[in-house]
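The values are calculated or read from the model by the stated rules, or taken from the named source; none is laboratory data. Treat the numbers as computed from the prediction; the structure is a model and nothing was measured. Glycine also receives a Cβ, built like all others from the backbone with ideal geometry; neighbour counts cover every protein chain displayed.
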Amino acid sequence: MKLVPLADKIVIKQAEAQATTKGGLILSTQSKEKPQIAEVIAVGPGIEVAGTKIEMTVKPGDRIIYPTMAGVEFKFNDEVFRVIKLSDVMAVIVED
């Protein structure tokens, strides 16, 4: 089975929370903040607005930044994913 998003929806998998600080301190499970960075797993085909097709500007494999409360989190095949709208994507992380 695979996830196939519809319209302008994007399936993302959140990056893992850091286990240590930059200084090397080990963080407890409760003090770990969930990052707002995720990997794009799948994208929908886009939408049409007033006769104009809105293309998806992200693709599977992209790393993105999104708002904390965006979309819906769910479990699929024992993994946690989130579905967000294209308009929820705040930035794409580009490696130099």
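Some notes on this structure:
- Of everything in segment 57-96 that is of a type in the set (D, E, K, R) and within 15 Å of Lys2 (Cα to Cα), the residue that is surrounded by the fewest Cβ atoms within 10 Å (Cβ to Cβ) is Asp78.
- When segment 61-86 is filtered for residues that are in contact with a helix residue (DSSP H, G or I) (Cβ under 9 Å, 6 or more places away or on another chain) and not hydrophobic (A, V, I, L, M, F, W, C), the ones remaining, listed by number, are Tyr66, Pro67, Gly71.
- Every pair of residues 6+ apart whose Cβ atoms lie under 8 Å, when the first sits in segment 52-76 and is on the phi > 0 side of the Ramachandran plot while the second is modelled with pLDDT of 95 or more and of a type in the set (A, V, I, L, M): Gly61/Val40; Gly71/Ile12; Gly71/Val83; Gly71/Ile84
- Looking across segment 37-56, the residues that are part of a loop (DSSP other than H, G, I, E, B), out of contact with any Asp or Glu (no Cβ under 6 Å at 6 or more places or on another chain) and surrounded by fewer than 16 Cβ atoms within 10 Å (Cβ to Cβ) come down to Pro45, Ala50, Gly51, Glu55.
- Candidate set: segment 7-17, residues that are touching a Pro at 6+ places or on another chain (Cβ under 8 Å) and closer than 24 Å to Ile54 by Cβ; chosen: the one surrounded by the fewest Cβ atoms within 10 Å (Cβ to Cβ): Ala7
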